[in-house]
Amino acid sequence: EFWKSFGITKKTLKKYNVYPVSHIFYNENIFAAEKYAYAYLEFKDGLVSYKIYQPFSKDFKWSGNVDRSIHQGYTQLPKKGKILIITKSLKDVMSIRDTIRIPSTALQSESIMMKQSVMDEYKSRFDQVYCLFDNDKPGRLFTRHFIEEYNIPYLFMPYIKKVTDFSDYAKVVSPQRAGEFLKSQLKI
C-alpha cells in the first residue's frame, strides 16, 4: 500500500531491485528495521551497493554504501529513447515509470553534480533530456546550477504545501493527475 500510493507497482519494485527488509546490518551489528524499511540494490562495475530507506524514521531514514557515481535506475534505462528525466530519488523514477512510461534516472541527492561524460552519454542515447528536481528552495537552487552546467531544460511539479517532488504530488492528487500534468509540461 505504501508504494501503491505513489502509483508504483510490485512489478516495478522488482524490476528496480527494491525489497522489504526486517533487519539492517551496520558495522558488524544487526538492528531490527522499522515496520516500513526497504533496500534498494544497485549493480555497477560488478559490485552490488545498497541504500536502506525507512520512510517514516525520525533517526535513520537513509543509510547505505552507495557512492555519488551511482545513478538510481541507470541499469533499467533503455539503450535509446525520446525522453529521459533526471530526478533525485528512485521513488520518483519508479513513479514516473509507472505513471507515464518515460524512462528516468536519479542522482543520489540534489547536491551532487554528475560527470560531464555521463551527461554526454545521456544526450547521445535520448533525443531530449530534462531535469525534474524538487520545487522547494534547495531544489530550485540546485536546478539552476544543473541547467547552467549541462544546458538542459527543467521541469517542476506544481507547488502544494509539503509536496516537492513527482511521487509526493502523485500521492496527493493521484498518480493519473500527476502523470497528466507532467505530460503537459513535456508537451506529449
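The values are calculated or read from the model by the stated rules, or taken from the named source; none is laboratory data. Only a predicted model underlies this, so the values are computations on that prediction, with no experimental measurement involved. Don't worry about glycine lacking a Cβ; one is built from the backbone with ideal geometry, like all the others, and counts go over all protein chains shown. Surface areas here come from the heavy atoms of the whole protein model, side chains and all, with no ligands, DNA or RNA. Shrake-Rupley method; radii C 1.70, N 1.55, O 1.52, S 1.80 Å.
Taking every DSSP beta bridge that has both residues in the chain, what percent is antiparallel when rounded to the nearest 5? Could you put the intermediate results ahead of the total?
Values: 19 of 29 bridges.
Close to 65 percent.
Would you work out which of 172, 154, 143 lies farthest towards the positive end of the dipole of segment 87-176, given +1 charges on the beta-carbon of Lys and Arg and -1 on that of Asp and Glu, about the Cα centre?
It is 172.
Under 15 Å from a point 7 Å along the Cα-to-Cβ line of residue 62: which residues of segment 81-113 have their amide N that close?
Hits in segment 81-113 for residue 62 at 15 Å: 87-93, 106-113.
Given a 1.4 angstrom probe, I'd like the percentage of the accessible area of the chain that is carbon and sulfur, rounded to a whole number.
The computed percentage sits at 53.
Taking the solvent-accessible surface of protein heavy atoms with a 1.4 Å probe, what is the per residue accessible area of the chain in Å²?
Using a 1.4 Å probe on heavy atoms only, each residue of the chain averages 57 Å².
Provide, in order from the shortest bin, the percent of all Cα-Cα pairs of segment 143-188 in each 5 Å bin, continuing until the bin that contains the maximum pair distance.
In order of increasing distance, the bins hold 5, 21, 24, 20, 17, 10, 2 percent.
Amide H to amide H, which residues 5 or more places from residue 64 or on other chains are under 5 Å from it, using H placed in the peptide plane?
Residues meeting the amide H criterion: 52.
Could you grab the Rg to Rh ratio for segment 83-184? Cα atoms only, Kirkwood for Rh.
0.94
Taking Cα centroids, how far is segment 1-57 from segment 102-165 in Å?
Segment 1-57 and segment 102-165 have Cα centres separated by 23 Å.
Calculate the spin-label point distance for residue 148 paired with residue 27, positioning each point 7 Å from the Cα along the beta-carbon direction, and give it in nanometres.
About 3.9 nm, to one decimal.
Express in % the proportion of alpha carbon pairs of segment 75-143 at distances exceeding 21 Å.
Of the Cα pairs, 20 percent sit more than 21 Å apart.
Using label points projected 7 Å from each Cα along Cα→Cβ, tell me how many nm separate residue 185 and residue 76, to one decimal.
1.9 nm
As a test of understanding, state the convex hull volume per residue of the chain from its alpha carbons, in Å³.
Values: hull volume 23.5 nm³, N = 188.
It comes to 125 Å³ per residue, whole-number rounded.
In the structure displayed, which of 11/44; 4/115; 44/183; 82/115; 123/171; 4/183 lie more than 27 Å apart, Cα to Cα? Could the numbers behind the result be given before it?
Values: 11/44 22 Å; 4/115 33 Å; 44/183 31 Å; 82/115 22 Å; 123/171 30 Å; 4/183 20 Å.
Those over the limit are 4/115; 44/183; 123/171.
Which of rounded, prolate or oblate describes segment 1-103 when judged by the alpha-carbon gyration tensor and an a/c cut-off of 1.5?
oblate
Among the lysines, which have Cα under 18 Å from the Cα of residue 51 when same-chain residues fewer than 8 positions away are ignored?
Candidates past the 8-residue exclusion: 14, 15, 35, 61, 88, 91.
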